[in-house]
Structure formats: structure tokens, C-alpha cells
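Data first, discussion second: the structure below is written as C-alpha cells.
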Amino acid sequence: MNSKKSPEKGKRSWWRKMGWLWAIPAVIFIAGSGAAYYFLGMQANASTSSSKTPSYNTANVSRGGILISVAGSGILVADPQINLAFSTGGRLGQLKVKVGDVVKSGDTLAQLDSLEKLQASIASSQLAVIRAQQALDALSENAPINLASAFQAWTDAQTAYTKALTANLRTGNARCSKDMNAKYQLAYQSALEKLNELTASARGSDALTTAQNDFDTAQANLTYCKGYTQDEVTSANANLEITKLSLDQAKTHYDELNSHNGIDPQSLQTAQASLKEAQLQLVQDQSSLAGATLTAPADGTIISIAANQGEVVDTSTFIVMADLSQSKVQVQISETDMDKMAVGNRVEMVFDAVPTQTFTGKMIQINPALTSAGETSVATGLIALDQSPINPANNHLLPLGLNCSATVINSEANGVLMVPLAALRDLGDGKYGVFVLGSDQKLRLQSVQIGLKDSSHVEIKSGLKAGDVVSTGTTKTA
């Protein structure tokens, strides 16, 4: 079946089919305009960019000095001080110096008034030494006699022991001979018979009394001859033991003397100890006499005196002196800066009383312990001055206790290449670099070896030369 199309519908369909062709030139136009604008803009920017010269903060590599130091405060002290004291107490008899006097070695400074008493003690001690020495010498001189006496005592002890032994042996037998015992037995029997007879026939008579006495005598004689009593046995045993002990002692004494050339070791030890004690006492007395007079052990200045003439003093420090020409400075530095203190550091000092003169010295000692200064802790050290502390205005020594400001120099480098600290770039791993500005006004990174650093500059040991221009901080390293 055929159908007819409307003319209007046909026109609209044609425009739909042909409309996209008209859009192509429009898109091309717009895109071309944008690209042209972009490239023109880039050229303009490039032209503008190339017309400007970059500007950097720079500094020249130069030669100079770098100083690392720390400030502290100090006080003038005498080191070492010499403390003098009497070796014994007493009344001060003479005082020949005053504070501030300059003395020479060997000068007499002061003296006690008890010298006569000390001298008498020395004389007594000397006599005791002489007597002790004589007693010791006598042991050697009398050695032959002592040895002979010991031998005689040993011999006498042997004789006494032999007698005691014989007497002791007798106590086990009859005292008298058999004949004597038989005689006393007959006398005893006769006296007994006579006594019995008279007792029965003549009581109370004189004859009976005589018979009784004769019987008692005969009985005593018989008893005596038959044996020893218990008391006699006991006594004989005791005497034997005593003589045996005496014999042993006499023999030991003789043997000991004989082995020591006639000198008893114990007597020798006692005599030697007595002599040593007497000698020590003499030395002590002589020291007390010497210590009753104070003399200067070295050249120096009198710093203090503890008492006046006529006053009683003891054995504590009486005079203090020191060589002020060798005075030192005791310095205090904050504990936060103690790492900059080291023995051997050079130090510069300015005393408050002499502000126009700078004294120099060297750190010779550092206290291993911190000390308190108010509410803070400080490290302390001792400085030896290079020159005597003399005030140039009057050529007099500066007084002890004078305050000063001190600068302890930890390290320094003079006449070295250096750049501002702001120019240094930390590259890590202990490596450093700087940006050097070339003749083409472009920066290049240069590796350098550094030395000392202070708060504003750093020493350059290699990598740069004098006159190089470096950037001081506008460029960062990656």
C-alpha cells in the first residue's frame, strides 16, 4: 500500500540528516581559536620569563677566624696556700710579721715563749736515750759472765735434784740399819717391861715417872728408825718436783744463752724497745721545740694571722701565706656549657678593677663535681695565669678575691675559608654542601668538607676557594 508524505515532514527530515555537517566547521573553529590562544600565551610567558634575571641572597667565600668559647665568672685565689701551725700549744712570745708582709724562705715569723721548758724536756729525753743505750750495750759486754752464771746455775740445779731424788728414794725404806732397829727394839721392850712393873707396884712414885719417860723415848726412837711419816714422804715428793723444775729451767736458760752468744733474747728485745721508745720521745721533744718557732718554708706574702702577741695559741693553723705572683683564678661556668671546658683550654680574663687589661691563662684543673650557685648548678675549674696579676696603673699585685669575667676558648681557627652558616646545606650521612652561583647566574650544588662552626659562620676545609659566591638560603635541597 502506497502512502504520501507531507511536504513539511520531508523538509524537517532533510534538516535532521544534514544538520551535523554544519557543526563540524564550528567545532574546528573553536578548537583552533583555543590552541592559538594557548600557544600564544606560552610564547608570551616564555618571552616574559626570558626577559627577567633571577635574584639570590648571596655571600662571598672569605678568610677569617672562628672562635668557639663560653663565658664565665672568676675570682682571684692563691693556690696553693701554705698553712703554718705550732706543733705544741702555748703563749705567743714573738710575732715578727703582719698581714701583707712579703717574706723570704727561712725568715722567722713567730715564736712561743715556752722554749726553756721544751729544752729541759729534750735534755731529759737525751739522758733516757743514753741510759737505754748503756743497758743494751751491757747485754753484749756481760754476755760471757751471764753464760758462765747460767752454766753454774744449771750445775747447782743438777746437784739439788740429785739430793732430792736420793731423799725421796729413802722414804720407801727403813730410816736406820737393821742393827740399829734391833737395838731400839730391845730398848723399847725393856722400857715397856719396866713401865708395866712400876705401874703395878709404885704408882705416883718418881721411879714410875722416869720409867714413863724412858718408854716414850724408846718408842719414838723405834718408830723413827722403822720408816718415814706420811708428811715426810709428801715433803720429799714435793721437793723432788721442785728441784726437777728448777733443773729444767736452768738447762733451758743455759741453752738459750749459749745459742745467742750469752745474750738473753727477751732481755735484748726489752732493751731494744726501751731504746727505741726513748729515741722517739727525744725526736718528739725536738720536733716540739722546732715547732715552737715558725719559719717561712718559701718566698711569699702573709695572708692571715690567727692571734696577736701574748695570746694563747694551739696547734691549729696560725699563719697562712702564699706566693701571690703565682695566683690563679677559680672560674665558674654554667653546667649547660661544661662541654666546652677542658684542661689545657686557653682563657682570657678581665678583672673588674682593671677593665683595660686582658689577662690570659690556661685551664689546669676541672672539678669533677658540680657545685651550687644560688638555684643553679655550675662547673668549676682552676686557671693558671700566664703573667703575674699586677695592676699596670700602680705596678702592685692585685688583691685576692678580686672578681673577673672569663672567656674559656674551647677551639679556634684563624685565617681559614668560611661562609655564613645560612649557606650550609645538610646532605645527610655527615655530608654537607653549598649552592655556588656561577657566572651564568645559575646555582650548582657543591660538596664541601667543614670544620669549626660558631653561631654565624662555618669553616670550609675543602670544596671552595676564596671569592666564590654562595647562596645563603633561597634554594632548598631535596
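The values are calculated or read from the model by the stated rules, or taken from the named source; none is laboratory data. Everything numeric in this text was worked out from a predicted model, so none of it was measured. Because the Cβ atoms are built from the backbone with ideal geometry, glycine has one as well, and the counts that use them run over all protein chains shown.
Out of curiosity, is residue 279 over 30 Å from residue 351 (Cβ atoms), out of contact with any Asp or Glu (no Cβ under 6 Å at 6 or more places or on another chain), in contact (Cβ under 8 Å) with a residue 40 or more places away in the chain and surrounded by 15 or more Cβ atoms within 10 Å (Cβ to Cβ)? Yes: the conditions hold for residue 279. Within the range 398-449, being exposed (fewer than 15 other Cβ atoms within 10 Å of the Cβ) and within 30 Å of residue 359 (Cβ to Cβ) holds for 399, 401, 403, 412, 414, 415. Would you call residue 316 assigned to a strand (DSSP E or B) and loosely packed, with under 13 Cβ neighbours inside 10 Å? Spelling it out, it is not the case that residue 316 is assigned to a strand (DSSP E or B) and loosely packed, with under 13 Cβ neighbours inside 10 Å.
Taking the criterion of being surrounded by fewer than 18 Cβ atoms within 10 Å (Cβ to Cβ) and either in contact with a Cys (Cβ under 9 Å, 6 or more places away or on another chain) or aliphatic (A, V, I, L, M) (or both), the residues of the range 282-297 that qualify are 283, 290.
For residue 307, the conditions (1) out of contact with any helix residue (DSSP H, G or I) (no Cβ under 9 Å at 6 or more places or on another chain); (2) part of a helix (DSSP H, G or I) all hold with the exception of (2). Those strands (runs of 3 or more DSSP E) of the range 332-403 in which 3 or more residues are closer than 22 Å to residue 322 by Cβ and either of a type in the set (S, T, N, Q) or modelled with pLDDT of 90 or more (or both) occupy 346-351, 359-366, 376-385. Here residue 254 meets each of (1) among the aromatic types (Phe, Trp, Tyr); (2) closer than 30 Å to residue 132 by Cβ; (3) in contact with a Lys or Arg (Cβ under 9 Å, 6 or more places away or on another chain) with one exception, condition (3). Is it true that residue 289 is in contact with a helix residue (DSSP H, G or I) (Cβ under 8 Å, 6 or more places away or on another chain), hydrophobic (A, V, I, L, M, F, W, C), within 30 Å of residue 152 (Cα to Cα) and in a helix (DSSP H, G or I)? Taking the combined requirement at face value, the residue does not satisfy it. Within the range 252-266, the set of residues being assigned to a helix (DSSP H, G or I) and crowded, with 16+ Cβ neighbours inside 10 Å comprises 253, 254, 257. Pairing each residue of the range 71-83 that is closer than 12 Å to residue 303 by Cα with any residue that is of a type in the set (Phe, Trp, Tyr), provided the two are 6+ apart or on different chains, yields C-beta distances under 9 Å for 83/318. Candidates 147, 165: the one that is under 28 Å from residue 237 (Cβ atoms) and more than 47 Å from the chain's Cα centre (by Cα) is 165.
Taken over the range 359-391, the criterion of being surrounded by 13 or more Cβ atoms within 10 Å (Cβ to Cβ) and β-branched (Val, Ile, Thr) is satisfied by 360, 364, 366, 378, 380, 383, 390.
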